[in-house]
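Remarks on the structure that follows.
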Amino acid sequence: MKDNQPQSLNQESTNAIASKNKPFLEKVKVKAGLEDIFDARDISEVVFRAMRDLMSTEASDRVSDELKGSKAVPSEDQSLQDDISELWKDTNPIVSFLSRIRPVLKVDDETFLFRIRQEGGVQRGIDPELVVTAVFSATKDELSKDRIQEIGEALPGKIRQLWENA
């Protein structure tokens, strides 16, 4: 699978200057120490799902609107070509519908991280907090200060600190 990736994805960049210009999934992959871009996509979807569960429908829609038009990563692979807003949306239509009508969930730090460990399939030896921070950092690069603040206000204590420090 690595042989089929665009050449730019195979190059590990230690140069922080271009970090803001790197594609979203590449940032997540590098910052989290993941093996491939598909792992970055899958874990981003899980972190986004956990974040959305803590936000009102209106707030979630505002985040989705800001993420539209930003490509996850340039690639010939159709599964990687989506806007970041497509990663933000839930792919399960039933869960997506229910999340729009249910109240905001009250989740503590440990439950949030437990979900990431269980649902995200984080590689052995990689700290879920590191993965969450990688997704947070890449996401903040795509959002306005208002959305960054709005998301931060929805997150519980330790997770909020990870958001603010990302």
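Things worth noting here:
- Pairs with Cβ under 7 Å, 6+ apart, first in region 45-57 and crowded, with 20+ Cβ neighbours inside 10 Å, second acidic (Asp, Glu): 46/119; 49/90
- Residues in region 73-109 that are among the polar types (S, T, N, Q) and either touching a helix residue (DSSP H, G or I) at 6+ places or on another chain (Cβ under 8 Å) or modelled with pLDDT under 80 (or both): 75, 78, 79, 81, 85, 91, 99.
- Helices (runs of 4 or more DSSP H) (entirely within region 87-161) containing at least 3 residues that are surrounded by 14 or more Cβ atoms within 10 Å (Cβ to Cβ): 109-120, 128-140, 145-154
Here's the yes/no breakdown for (1) in contact (Cβ under 8 Å) with a residue 40 or more places away in the chain; (2) farther than 21 Å from residue 58 by Cα:
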site	(1), (2)
87	yes, no
92	no, no
98	no, no
110	no, yes
115	yes, yes
121	yes, yes
126	yes, yes
131	yes, yes
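The values are calculated or read from the model by the stated rules, or taken from the named source; none is laboratory data. Everything numeric in this text was worked out from a predicted model, so none of it was measured. Glycine also receives a Cβ, built like all others from the backbone with ideal geometry; neighbour counts cover every protein chain displayed.
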